[in-house]
Amino acid sequence: MADWREKRGMTLRLRVSGGRARFVRLTLVERQALLGGLAGGLMGELAGSLAGRWFNVREARAEDRADPEAMPTTLGEGRMLSWRPMARAEAESALDGRARTLTRLGYVVIAASEHETAPFAWLHDLVHRQLQEPDPDADPQPQDTGVHPLLEPALAGVSGDVDALLEGFASACGLDPAGLEAPDGAQLGRADPQALGSVLDALAEAEQGRLRDICRAWLDFPTTAYELDRERLESWLEAGRLPAQRLAPRLPQEGLALLGAPALERLARRSRSPRVRQFCERWVRRFA
């Protein structure tokens, strides 16, 4: 079977807590169709549309380390956005749509390519960019603060349109507003886990009580926490704010499953919540 080849792509970055950054690489990929010129005769119009070349969009993720000269930690080889091969125009549209979703979540495009590249050349490019000294004469680049654009009016204390904010947050994680307000297993299955985590970050800090209540409802739903990154859960529990208040009562029974032993040991020392530290210290004593 022929390998997928990258045709064009972009690398996006999101600043997260602790001076770290998360990276997403979106690439348009292509390969020779399996059925080739026989497709039309074998399967008619459907197979004929798949003859020649197949296209898809691959999404791969990486995270930086403390050492700026180290290769970013790879988080898998990536996933295809579609379960089926697509025509090029459809795949191009899927790539652009996913990029728009990520930029709404606070990601900033830091590199783009319009030519075929090796599968993991983007990781080497990230390291190269980290090592480069900024050019003082260069035009200023957009600053990626990690703040969700839709959160800015809420954080600033502006009395914005809550329904409009809710619609924006719901769209960002792949749900409709009614679904975002009524979390259940079906809505959790539809939501993009990475996007949902960022949206809950935003809702937790919102001035509007209605939005904070939605955050509470999602965090109280039993399986939400298991769909989110452990790093995000640890960050919440270390900060000690609203998400920590909702998650802390689960730590005595579920702490190890939710976070893992290293995170529990760190939180026992670092969390700003006395309650979180107490529960994590109990786990640390069990490990001793």
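Here, each number is a calculation from the coordinates, and none is a lab measurement. Model, not experiment: these values are computed from the prediction. Cβ sites come from the backbone with ideal geometry, for glycine too, and all protein chains shown count toward neighbours.
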Query raised in the report: What distance in nm separates the simple spin-label points at ASP229 and GLU92, each placed 7 Å from Cα in the Cβ direction?
Result: 3.1
Query - Potential lengthening between ARG272 and PHE287 on full extension [0.36 nm per residue; Cα-Cα distance subtracted] - result: 3.2 nm
